[in-house]
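Colleague: Sharing a structure here in structure tokens format.
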Amino acid sequence: MGKYVLNKVLIAIATIFVLATATFFLMKLIPGDPFASLKTKAAVQEKQREYYGLDQPVTVQYFRYMGNLLRGDLGWSLKKAGRSVVDIIREAFPVSAVLGLTSLFFSVLIGLLFGILCAQFRNRWPDYLLMLVAVLGIALPSMVLGPLMRYFFGVQLKWLPVVGWGTVDKMIMPAIVLGLGTVAGETRAMRASMLGVMTQDYITTARAKGLNSAQVILRHEVKNSLVPIVTGLGPGIAGIMMGSFVVESMFLIPGLGRYFVDSITNLDYPLIMGLTIFYGAFLVTMNLLVDVVYGLLDPRIRESGKKGGK
Amino acid sequence: MKKLISLVLCFALCAALVPAVAEENVVRIAYGYDPNTLDYGMSNLDTANFILTHIAETLLVQDASGAYVPGVAESYEKSDDARVWTFKIKQGLTYQDGETPITAEDLYYAVQRLLNPEDPKDNATFGLVNAEEYYNGQVPFEEVGIKLIDDYTIEYTFVNPTYESNFTSACLFAPLEQAYVEAGGEIYGSSSYLPLANGPYMVEEWLDDASVTLVKNPAYQNPDIVKADSIQITLNATGDVIVDMMLAGELDIADVLNPLQLQTLTDAGFVLGPSHSSTYQGMNLRGGGKSEESGRFLSNANFRKAINVALDREALAASVMSGYTPAYRLSAPGEPAYTANPDYRAWDTTANVELANQYLNAALEELGATKEEIPAIELMCYESQGAIDALAAVQDQLRVNLGLETVIAPCTIQVMISNAMSGNYDLWWGGNEASVPDACESYLDGFRSNSGSPLRGYADAEFDALYNAAVTSATLDERLANFAKLEEYFCENAMSIILGWDMHYIVTAEGTTGYYLMDGGRLNVTGLNK
């Protein structure tokens with residue numbers, strides 16, 4: 001298992017290196033100038049390009065960046081004066097992560113419950129009703145649901161603050177809006193997975209052994225249905241923890257989501273690089289964790305891992 | 001029984017404590033962006049301008065009546081040509097810590113830092129004598145038009161005459177304490193290292209991309225005018241969020257742009273306050289065109305005038321330019337240049353198809369060209385749906401009213417600005433900030449033959465002469481009179497296509513008083529009463 005993990009870590013480092021290199025050169029292909037401004041004198045813009053080394057050849061900029069990266073220096077934002085990329089990520093990521101995980105926890109819980117019920121009541125009214133809810137969750141875009149919730153629960157009923165961050169009540173609406181799509185996805189995935197498991201021979205065997213329905217569902221059906229769900233959770237967790245531009249903008253949450261869009265719009269090179277590398281590293285780590293958890297859930301994978309290791 | 005008595009006593013104690021805690025007078029407002037930086041040399045967003053208005057006291061300040069009164073300055077003298085200004089600084093002023101004194105040296109350092117080419121600042125400006133030469137390494141700083149006479153006297157020498165309104169600019173005329181700024185280094189002005197305030201408020205907390213809280217500056221020289229205990233600024237709020245927050249009672253005052261949102265608020269009982277225009281929105285026209293082919297036509301005044309009068313600004317404002325007031329000249333309501341010459345109308349706000357075609361025919365005759373030879377003019381814009389929709393309407397009007405073909409070219413914001421700066425456009429959909437007292441330095445500067453920038457593409461000696469007459473006017477009245485002539489020339493030759501003025505409306509709950517708009521539409525809530 002140790003060799004397996006080491007191998008995965010080396011692949012992860014190589015992946016991040018390739019990602020950083022590709023992003024750097026692709027980013028430099030984007031036309032435009034980060035300092036171009038109608039408000040700032042042309043002579044000042046020229047000095048700014050020199051100050052940040054953007055007047056140097058791209059290869060020189062690349063080696064300088066990679067050298068700094070090896071020392072853990074992601075540089076300074078070109079647009080947020082006085083703020084390093086590391087500071088921006090350090091402050092914004094926990095916000096997105098807390099919101100994302102809260103949303104994910106409840107949406108996965110609800111999604112799994114819905115999925116189990118749908119599978120158990122296959123092609124009966126609870127299945128249709130819950131699937132309708134699931135489809136609505138996917139069909140209703142957050143930019144529609146968010147303002148509607150803000151208006152009803154914030155403005156009309158005054159049950160919750162309209163926007164903001166920092167207290168539990170401010171987290172409720174964005175977590176729901178962010179998680180509704182996940183509820184829908186998890187419901188559909190769990191339903192499909194369970195229906196597949198329910199027809200397996202070992203389920204028939206379990207029933208033949210005299211286990212009651214609850215034991216069959218919980219010990220065999222649910223556990224084995226979770227394997228594909230967990231596989232999808234790795235990238236899902238990484239994605240949802242990195243923030244959502246739409247939901248964060250709608251509820252004024254100081255998370256990471258907005259920076260993914262703004263950094264590209266502003267051609268804030270260090271921030272684009274920093275976010276890409278951070279996201280890439282996080283995604284790779286989550287996938288690594290999923291591989292490990294996957295092995296723990298499915299003995300066949302564990303065994304094949306051992307054989308592969310030999 | 002004992003428990004009951006204890007409980008009653010507890011309640012009584014709590015009840016007694018409640019009135020003892022004075023209710024804090026908090027002003028709550030929201031802006032569309034994070035300030036990004038509060039470094040006076042770098043900040044240029046509305047949010048930062050609002051904060052700096054309240055934390056940075058400049059040499060002169062504008063009071064609620066619109067008059068310029070001493071701020072950091074005690075008194076001043078100016079030369080007859082209004083180019084040399086000597087300020088006496090008040091003695092005994094300190095920054096927010098109540099200890100660090102404010103001296104003329106702090107004002108000297110502010111300029112020195114702003115013009116330091118080794119540490120380029122966005123707001124670097126070259127109005128002082130030799131400022132540009134120093135920036136380009138041609139002269140030492142000692143030759144720049146700023147002189148430290150003594151600890152409390154400073155003298156500025158400008159290239160052109162200058163007026164009181166200029167001395168309210170924080171980037172040049174608010175003091176900076178050198179040791180404090182240099183201790184901050186790279187992070188000075190960020191949320192990690194806030195500026196030392198000398199205005200009525202100071203920054204208590206800045207949570208990036210979330211909120212800024214200003215509290216009363218205990219060391220402020222004039223505490224009686226400061227009414228609100230604190231100002232709570234919510235950041236990154238879009239227009240619809242601001243409306244929802246107002247309706248939910250989470251904001252006290254709002255700067256609203258969209259007429260529909262304004263209508264929602266006034267329908268709900270909120271009160272409409274003063275308004276101001278911040279931008280001239282329209283199609284920036286490059287006199288030399290993007291190519292020789294298009295430049296042949298766009299450099300012709302009659303051709304430009306044909307485009308200008310063929311457009312129905314009222315129809316555009318009613319459909320695709322929501323929030324804009326149809327423009328009938330360059331200067332916008334609220335600007336001193338508009339107020340000084342309020343009756344001027346350069347064109348109708350509806351299309352005049354007959355006149356447009358007369359201009360077009362005259363242009364073709366002057367150029368010896370036929371209509372078929374006119375190339376498809378490119379309409380460049382930012383790739384937002386709003387901009388594309390606006391240009392689609394313009395495209396349609398030009399096709400129907402003049403028979404002109406155009407091509408819409410959307411691009412990213414940085415590409416659009418780069419293209420504009422390098423003169424790589426025919427017509428470009430964009431806004432230009434209104435300024436005080438007029439549009440000379442901020443907008444019309446680029447139209448000069450020797451502007452040194454390919455941005456506008458003009459070489460017009462008459463315009464140059466009128467521009468020079470305006471900027472060298474010794475008094476404000478003379479300046480505004482000369483600017484009126486410049487504006488007429490600009491409009492009547494359609495040197496750019498001004499379509500609308502971007503109007504901001506201040507909205508408050510009923511009974512809110514004590515706030516006012518300063519020059520440039522800067523909101524001041526120091527004296528706000530709820």
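Colleague: Restricting to region A:241-255, what's the tally of residues that are on the phi > 0 side of the Ramachandran plot and at pLDDT 90 or above?
Modeller: Taking region A:241-255 first, the residues on the phi > 0 side of the Ramachandran plot are A:243, A:252.
Checking which are at pLDDT 90 or above leaves us with A:252.
Total meeting the criteria: 1.
Colleague: Continuing with the same structure: Restricting attention to region B:121-156, which residues are within 14 Å of chain A (Cβ to nearest Cβ) and open to solvent by less than 10 Å² (accessible area, probe 1.4 Å)?
Modeller: Residues satisfying the conditions are B:Ala124, B:Leu128, B:Ala131, B:Tyr135.
Colleague: For the structure I just gave you, tell me whether B:Ala393 is away from chain A (no Cβ under 13 Å), part of a helix (DSSP H, G or I) and touching a Leu at 6+ places or on another chain (Cβ under 8 Å). Before you say what the answer is, go through the steps one by one.
Modeller: Values: away from chain A (no Cβ under 13 Å): yes; part of a helix (DSSP H, G or I): yes; touching a Leu at 6+ places or on another chain (Cβ under 8 Å): yes.
Against the criterion (away from chain A (no Cβ under 13 Å), part of a helix (DSSP H, G or I) and touching a Leu at 6+ places or on another chain (Cβ under 8 Å)), B:Ala393 qualifies.
Colleague: Picking from B:Asn258, B:Asn284, which residue would you name as being among the polar types (S, T, N, Q) and open to solvent by 30 Å² or more (accessible area, probe 1.4 Å)?
Modeller: On the way: B:Asn284 fails: open to solvent by 30 Å² or more (accessible area, probe 1.4 Å).
Going through B:Asn258, B:Asn284 in turn, the sole match is B:Asn258.
Colleague: Name the residues in region B:481-497 that are out of contact with any strand residue (DSSP E or B) (no Cβ under 9 Å at 6 or more places or on another chain), over 16 Å from B:Asn300 (Cβ atoms), in contact (Cβ under 8 Å) with a residue 40 or more places away in the chain and surrounded by fewer than 23 Cβ atoms within 10 Å (Cβ to Cβ), would you?
Modeller: Listed by number, the residues that qualify are B:Ala481, B:Ala484, B:Glu488.
Colleague: Still on this structure: Tell me whether region B:173-185 contains one or more residues that are out of contact with any Pro (no Cβ under 8 Å at 6 or more places or on another chain) and within 11 Å of another protein chain (Cβ to nearest Cβ).
Modeller: Yes: region B:173-185 contains one or more residues that are out of contact with any Pro (no Cβ under 8 Å at 6 or more places or on another chain) and within 11 Å of another protein chain (Cβ to nearest Cβ).
Colleague: For region A:263-310, which residues satisfy the criterion of being of a type in the set (D, E, K, R), open to solvent by less than 60 Å² (accessible area, probe 1.4 Å) and modelled with pLDDT under 90? Reasoning before the result, please.
Modeller: Step one: of region A:263-310, the residues of a type in the set (D, E, K, R) are A:268, A:291, A:298, A:300, A:302-303, A:306-307, A:310.
Subset that is open to solvent by less than 60 Å² (accessible area, probe 1.4 Å): A:268, A:291, A:298.
Matches in region A:263-310: A:Asp291, A:Asp298.
Colleague: For region B:404-435, how many residues are among the hydrophobic types (A, V, I, L, M, F, W, C), away from every other protein chain (no Cβ under 13 Å) and either open to solvent by less than 20 Å² (accessible area, probe 1.4 Å) or touching a Phe, Trp or Tyr at 6+ places or on another chain (Cβ under 6 Å) (or both)?
Modeller: 2
Colleague: Moving on. Is it the case that some residue within region B:498-508 is under 27 Å from B:Thr350 (Cβ atoms), surrounded by 18 or more Cβ atoms within 10 Å (Cβ to Cβ), over 19 Å from the mean Cα position of the chain (by Cα) and not assigned by TED's automatic domain parsing to the domain that holds B:Ile55? It would help to see each step written out before you state the result.
Modeller: Going through region B:498-508, the residues under 27 Å from B:Thr350 (Cβ atoms) turn out to be B:498-505.
Next, only the ones that are surrounded by 18 or more Cβ atoms within 10 Å (Cβ to Cβ) stay: B:498-505.
Cutting the leftovers down to over 19 Å from the mean Cα position of the chain (by Cα) gives us none.
The answer is no, given that none of the residues of region B:498-508 is under 27 Å from B:Thr350 (Cβ atoms), surrounded by 18 or more Cβ atoms within 10 Å (Cβ to Cβ), over 19 Å from the mean Cα position of the chain (by Cα) and not assigned by TED's automatic domain parsing to the domain that holds B:Ile55.
Colleague: Would you mind finding the one in A:Val163, A:Val155, A:Val144 that is aliphatic (A, V, I, L, M) and either in contact (Cβ under 8 Å) with a residue 12 or more places away in the chain or crowded, with 22+ Cβ neighbours inside 10 Å (or both)?
Modeller: Values: A:Val155 fails: either in contact (Cβ under 8 Å) with a residue 12 or more places away in the chain or crowded, with 22+ Cβ neighbours inside 10 Å (or both); A:Val144 fails: either in contact (Cβ under 8 Å) with a residue 12 or more places away in the chain or crowded, with 22+ Cβ neighbours inside 10 Å (or both).
Going through A:Val163, A:Val155, A:Val144 in turn, the sole match is A:Val163.
Colleague: I need the full set of residues from region A:236-275 which are under 18 Å from the mean Cα position of the chain (by Cα) and not in a helix (DSSP H, G or I), in order please.
Modeller: The answer is A:Met242, A:Gly243, A:Ser244, A:Ile253, A:Pro254, A:Gly255, A:Leu256.
Colleague: Note down all Cβ pairs under 7 Å where the first residue falls in region A:22-40 and is within 12 Å of chain B (Cβ to nearest Cβ), the second is among the basic types (Lys, Arg), and they're at least six residues apart or on different chains.
Modeller: Filtered contacts from region A:22-40: A:Phe35/A:Arg49.
Colleague: Considering only residues that are within 30 Å of the chain's Cα centre (by Cα), at pLDDT 95 or above and open to solvent by 20 Å² or more (accessible area, probe 1.4 Å), which ones fall in region B:287-308?
Modeller: Going residue by residue through region B:287-308, those that are within 30 Å of the chain's Cα centre (by Cα) are B:287-290, B:298-299, B:301, B:304-305, B:307-308.
Of the ones still in play, those that are also at pLDDT 95 or above are B:298-299, B:301, B:304-305, B:307-308.
Those that are within 30 Å of the chain's Cα centre (by Cα), at pLDDT 95 or above and open to solvent by 20 Å² or more (accessible area, probe 1.4 Å): B:Ser299, B:Ala301, B:Lys305.
Colleague: Going by the structure shown, is B:Thr349 in a helix (DSSP H, G or I) and of a type in the set (Ser, Thr, Tyr)? Show your work before the answer.
Modeller: Working: in a helix (DSSP H, G or I): no; of a type in the set (Ser, Thr, Tyr): yes.
Against the criterion (in a helix (DSSP H, G or I) and of a type in the set (Ser, Thr, Tyr)), B:Thr349 does not qualify.
The values are calculated or read from the model by the stated rules, or taken from the named source; none is laboratory data. Bear in mind that the values here come from a model prediction, so they are computed numbers and not experimental data. In this analysis, Cβ positions are derived from the backbone assuming ideal geometry, glycine residues included, and neighbour counts consider all displayed protein chains. Remember, those area values only see protein heavy atoms, side chains included, never the ligands or the DNA or RNA. Shrake-Rupley method; radii C 1.70, N 1.55, O 1.52, S 1.80 Å.
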